[in-house]
Amino acid sequence: MSDWRERQRQKDDAAAAALAQNPAKPPLLAYLLSRRQEAVDARSLNGIDADLEDCQRRRAGKYTAGREAELKAAGVPVFWSPITSTKCRQTEQRVREYMIRFGERAWTAEPTPDPDLPESVAMEAQDAANVAFAEALANGTQMSLEEVAALEAAIKDELLARERDLARARVGRMATKIEDLLTEANWNISVQDEFISNTVTYGTGFIKGVVVRNLPRRSWNPKTRKPTVSIKPTPTVAAPNPFDIFPAPWATTTQDPIFERCRSYRASFAGMRGLPYYQTAEIDAFLKEHPQGANASQVADTQARDSGERKGTVGSDNRLEYWEYHGPIEGYMLKLWGKEFADFEDVRDYEVEVLFTDQHVLKVMPNWNEMGTHPYVKTTLFQIPGSFWGIGMPLAVKPSQDKANGASCALLHNMGWASGPMGQVDVNRLQDPTEAASWFPGKLWHTTNDQGLTVPAVAAILVPSLAGPLQSIYRDALVDADNESNMPAYQFGGAPNTGAAGSTARGLSMQLSASDRGVTEIVGRMGQEAIGPLIQIIADFLNMYSDDESIKGDIRIVSKGITAFMGQALMQDGLRDFLDRTANPIDMQIFGAAYAPFRLGIHRKLAELMRLEIVNLIPEDAPQPPMLPGAEEPNSGGRNAAGTPTRTEQPSTLPAGSR
């Protein structure tokens, strides 16, 4: 308790200091500006800003300005080996392959295992038990208390089963509603791809939802038989750029206090006017201060980021910058801010959403989620225990990338020097000194040697080629990159570096399956940490705000889809391997007449797992394939078509005494 009071006192002192420096600012704004500055400074001091810029630059294949200048000053060719970009693309491809495999949902909606019975239903069970007791008594039968309790329990079980059926129906409708919301938000087209790219490139990917925005909506007008467009509040999801996320200095999850830097056009602010919890007067004052847009950014990395994203930085961007905060605010600050918070307790923290600028608070709204969940979820590519941020692919392969760059630049430099001989001429021994300016094969040099020197007047200097050793270093860097990234090149058809195990099809298949563990871990973490929680947030939002009462209920979201995809892939590999292992004459003889139906069943199961509509192409009553020599016919008593014994009467080929 004393620690909490000390932190509380420190926060109050910081807010008071900010207010003293800006006496015109209300305590709420002063507090937010102080906490924002802490978050911005912490991200910079912890090296996160530098890492994000480094990841962006390495993904684009660029040196720092200082390093490029050093290479040019030394006369070394500037070359960047495309290891980082290749590994990033490969990882994104593998993750997307798992995320959209078979076109199914990467999540599953389920009712809670033990739904609560409505009070009316419980009373119904009790009334039914009482009626049964009265009827038995009227018929002259006395029911014991245990019999009445057992009857009531049986009725409750029946009603509970009915409630479970209703819950499953509600969940099905809710899942369809969630999928429709994601489709309207371009989840599969843009948001998911951006989230995956951010996770791979920067090491940490974010999804934000649910965000209600005024968006144009197209609908069909049956009267005019033409489409009409109207502006409607639409729930959407987004993938914020990691550059725009500023967690509290002590944060480890997105449920800790978090700031997001946002940029939008004046029209968006105008659309906020008059909406619940928005401060119209503050919005108007903010717009009047910036009639042409483009207020100054409060983050030093803005220009470097825009340059890395290849965006113009010449002042043509007229978007306005504002900040969004999600986290606790003390009750007394909220009470000072507006009368809608008059019932709040002074010493209690309340989860709120605040939009603000340096001079204005544009919106203050209590968190709509009663669980206090923030509208952000995140995942990491490579985790750092206890850290909010992860490690991106560019930083993971940084050692091998720098090693390959050094070898490549040195190789190009050496190739230039070793591509042809250089000449050395003693012009004092030339009859015509101007001859030194012209070199060509077969040239005849006219020289003198009055001093009796033993060295020639004209000599060629040959620079040895170091291509072999430098190429060996480069190949070592490629192997290191495979290990650092968990993405071996042979997964994508590259030259296999698999050793003896990869020399056979079976060995290579086993190594490919083993190498998938890295991507399955990434995809599994995405499902557990980001997609599952996001869908749960959407379900909670629809439960609270949807007009459709038929979808509402106690729903739990499980990211089973991704795990199921992995299991299906493993099962497919196992079935293929089983088919290969049993495709031999010995197994044909062992199975006998059941061999063809057996393999047909395996093929049907494999087609089912692959979502191929080929099962019906092979009807159940299809003619059996021709019998193999020596194989027994169905119901033949162990004899083949010629009537000769097949298995039981064949002489043994085993040596005597080995049975």
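The values are calculated or read from the model by the stated rules, or taken from the named source; none is laboratory data. Nothing here was measured: the structure is a model prediction, and the numbers come from that model. Don't worry about glycine lacking a Cβ; one is built from the backbone with ideal geometry, like all the others, and counts go over all protein chains shown. Ligands, DNA and RNA are stripped out before the accessible areas are found, and what is left, the full protein with its side chains, is counted by its heavy atoms. Shrake-Rupley method; radii C 1.70, N 1.55, O 1.52, S 1.80 Å.
For the reader, a short list of remarks on this structure follows.
- Among residues of the range 583-611 being open to solvent by 50 Å² or more (accessible area, probe 1.4 Å) and outside any helix (DSSP H, G or I), the one that is nearest to Asp573 (Cα to Cα) is Met610.
- Cβ pairs under 6 Å, 6+ apart, first in the range 443-454 and surrounded by 10 or more Cβ atoms within 10 Å (Cβ to Cβ), second small (Gly, Ala, Ser) and part of a loop (DSSP other than H, G, I, E, B): Thr447/Ala457
- Criterion (farther than 26 Å from Thr204 by Cβ and within 35 Å of the chain's Cα centre (by Cα)) met by exactly one of Tyr350, Tyr376: Tyr350
- Top-ranked residue of the range 338-351 - restricted to ones that are under 22 Å from Glu282 (Cα atoms) and in contact with a helix residue (DSSP H, G or I) (Cβ under 7 Å, 6 or more places away or on another chain), ranked as surrounded by the most Cβ atoms within 10 Å (Cβ to Cβ): Phe341
- Summed over the range 27-59, the residues that are over 19 Å from Val354 (Cβ atoms) and either part of a helix (DSSP H, G or I) or basic (Lys, Arg) (or both) give a count of 17.
- Verdict on Leu52 being in contact (Cβ under 8 Å) with a residue 12 or more places away in the chain, in contact with a helix residue (DSSP H, G or I) (Cβ under 9 Å, 6 or more places away or on another chain), over 23 Å from Asp193 (Cβ atoms) and of a type in the set (A, V, I, L, M, F, W, C): no
- Pairs are defined by a Cβ separation below 6 Å, a sequence spacing of at least 6 or placement on different chains, a first member in the range 474-491 that is in a helix (DSSP H, G or I), and a second member that is open to solvent by 40 Å² or more (accessible area, probe 1.4 Å); the pairs so defined are Ala477/Lys403; Val479/Asn497; Tyr490/Pro496.
- Count of the range 73-83 residues which are assigned to a helix (DSSP H, G or I) and exposed (fewer than 12 other Cβ atoms within 10 Å of the Cβ): 1
- Among the residues of the range 376-393, those identified as closer than 19 Å to Trp250 by Cα, surrounded by 17 or more Cβ atoms within 10 Å (Cβ to Cβ) and not small (Gly, Ala, Ser) are Tyr376, Val377, Lys378, Thr379, Thr380, Phe388, Trp389, Ile391.
- Per the conditions (1) in contact with a strand residue (DSSP E or B) (Cβ under 6 Å, 6 or more places away or on another chain); (2) closer than 30 Å to Ala539 by Cα, the sole criterion not satisfied by Gln383 is (1).
- Annotation: Thr498 fulfils all but one of (1) β-branched (Val, Ile, Thr); (2) open to solvent by 60 Å² or more (accessible area, probe 1.4 Å); (3) under 30 Å from Glu92 (Cβ atoms); (4) modelled with pLDDT under 90; the unmet one is (2).
- Filter pass, Gly567 being under 30 Å from Pro375 (Cβ atoms), at pLDDT below 85 and of a type outside the set (Ser, Thr, Tyr): no
- Neighbours by Cβ (under 6 Å, 6+ apart or cross-chain): first from the range 258-276, more than 25 Å from Pro366 (Cβ to Cβ); second among the charged types (D, E, K, R) and open to solvent by less than 70 Å² (accessible area, probe 1.4 Å): Arg263/Arg319; Arg263/Glu321; Tyr265/Arg319
- Hey, Gln424 outside any loop (DSSP other than H, G, I, E, B), free of Cβ contacts under 8 Å to residues at least 60 places away in the same chain and either open to solvent by 80 Å² or more (accessible area, probe 1.4 Å) or acidic (Asp, Glu) (or both) or not: yes
- Among strands (runs of 3 or more DSSP E) entirely within the range 158-266, having at least 1 residues that are over 30 Å from Thr112 (Cβ atoms) and either modelled with pLDDT under 80 or open to solvent by 40 Å² or more (accessible area, probe 1.4 Å) (or both) singles out 204-221, 226-238, 258-264.
- The one condition from (1) modelled with pLDDT of 70 or more; (2) open to solvent by 50 Å² or more (accessible area, probe 1.4 Å); (3) out of contact with any helix residue (DSSP H, G or I) (no Cβ under 8 Å at 6 or more places or on another chain) that Gly274 does not meet is (3).
- Put simply, of Gln21, Gln56 the only residue that is at pLDDT 90 or above and not aromatic (Phe, Trp, Tyr) is Gln56.
- Residues (more than 14 Å from Pro469 (Cβ to Cβ) and open to solvent by 10 Å² or more (accessible area, probe 1.4 Å)) located in the range 397-408: Lys398, Pro399, Asp402
- Candidate set from the range 109-125 (those that are at pLDDT below 75 and open to solvent by less than 80 Å² (accessible area, probe 1.4 Å)); member that is nearest to Ala175 (Cα to Cα): Thr112
- Residue ranges of strands (runs of 3 or more DSSP E) in the range 314-407 with at least 3 members free of Cβ contacts under 8 Å to residues at least 60 places away in the same chain and acidic (Asp, Glu): 349-356
- Evaluation of Gly468 against (1) surrounded by 13 or more Cβ atoms within 10 Å (Cβ to Cβ); (2) at pLDDT 85 or above (one fails), failing number: (1)
- Here Trp417 meets the list (1) surrounded by 12 or more Cβ atoms within 10 Å (Cβ to Cβ); (2) outside any helix (DSSP H, G or I); (3) in contact (Cβ under 8 Å) with a residue 24 or more places away in the chain almost entirely, failing just condition (2).
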